[in-house]
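Student: Submitted below is the structure of interest, expressed as structure tokens.
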Amino acid sequence: MGMLVKFLSGSCLAFFSLIYPSLASGQPFAIGANNIQNLGSVQIKDTTVGVLIAFGRDNALLAASIANDNSSPKYIPLFSSTNRGLGPLTLKVMVSKSNNEIWFYFNSVDMPEIKGVWGYYKIGSETAATNWGTKPLLDTPYPKSLSGGGSFPKFDQNDVTTLATFYYYGEESSAPKRKNGW
């Protein structure tokens, strides 16, 4: 009987690891796959600046990705939603005349009262100014939590150039659809 239980346990674990490898390995597990929607990217010197929305199980995060030619991307959180969706929005990537500072200017049709600068990054820095304060660049667009408050360096529209404008037309057209009520 003991051998049968050991055999069944091993078989169940092997079967489970095929279906849910992260659960069988002891890693955190959430129902529903994370999904990233890239809105586009732009090049500033040797730095690629991307804009993306990271959809989690029950949240969404508008973020910027920063990568040099020889590095993995790092992420700057810009705006979050706790209902897994974002309404239509516009995000402008504005660069200083010296091409070494970037401002992320957010505007939303659904929330006109919150338009303005939502992120600041100095090229080469390991930190960025966000609405949650000055934060180290993230290794993943799925942070465990965001909190705090912050301010940004002086922003003068006469001292910057709009390098790119990214649009997101809302959850209905492009966000991952929920299946079976999850």
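Readers should treat all values here as calculations from the given coordinates under stated rules, not as data from a laboratory. None of the values given here were measured: they were computed from a predicted structure. Reconstructed Cβ throughout: ideal geometry from the backbone, glycine too, with neighbour counts over all protein chains shown.
Student: Highest mean first, what order results for 148-154, 105-111 on Cβ atoms within 10 Å? Don't jump to the answer; show the numbers that get you there.
Tutor: On the way: 148-154: 10.6, 105-111: 15.0.
Descending packing order for the listed peptides: 105-111, 148-154.
Student: Once you have a ≥ b ≥ c as the square roots of the Cα gyration tensor eigenvalues for segment 76-153, tell me rounded if a/c is under 1.5, and otherwise prolate or oblate according to whether a/b is larger than b/c. Don't jump to the answer; show the numbers that get you there.
Tutor: Values: a/c = 1.91, a/b = 1.20, b/c = 1.59.
Oblate.
Student: Could you order the peptides 38-47, 94-103 from most to least packed, using the average number of other C-beta atoms within 10 Å per residue?
Tutor: Details: 38-47: 14.4, 94-103: 17.1.
Sorting 38-47, 94-103 by mean packing, highest first, produces 94-103, 38-47.
Student: Taking 19 Å as the cut-off for C-alpha to C-alpha distance, list the pairs among LYS74/LYS122; LYS115/LYS144; LYS74/LYS144; LYS92/LYS122; LYS45/LYS115; LYS92/LYS115 that go past it. Please list the in-between numbers first.
Tutor: On the way: LYS74/LYS122 13 Å; LYS115/LYS144 25 Å; LYS74/LYS144 15 Å; LYS92/LYS122 16 Å; LYS45/LYS115 28 Å; LYS92/LYS115 11 Å.
In this structure, LYS115/LYS144; LYS45/LYS115 exceed 19 Å between Cα atoms.
Student: Add +1 for every Lys or Arg and -1 for every Asp or Glu among the other residues with Cβ under 13 Å from the Cβ of ASP139, and state the total.
Tutor: Values: positive: LYS74, LYS135, LYS144; negative: GLU126.
Neighbourhood net charge equals +2.
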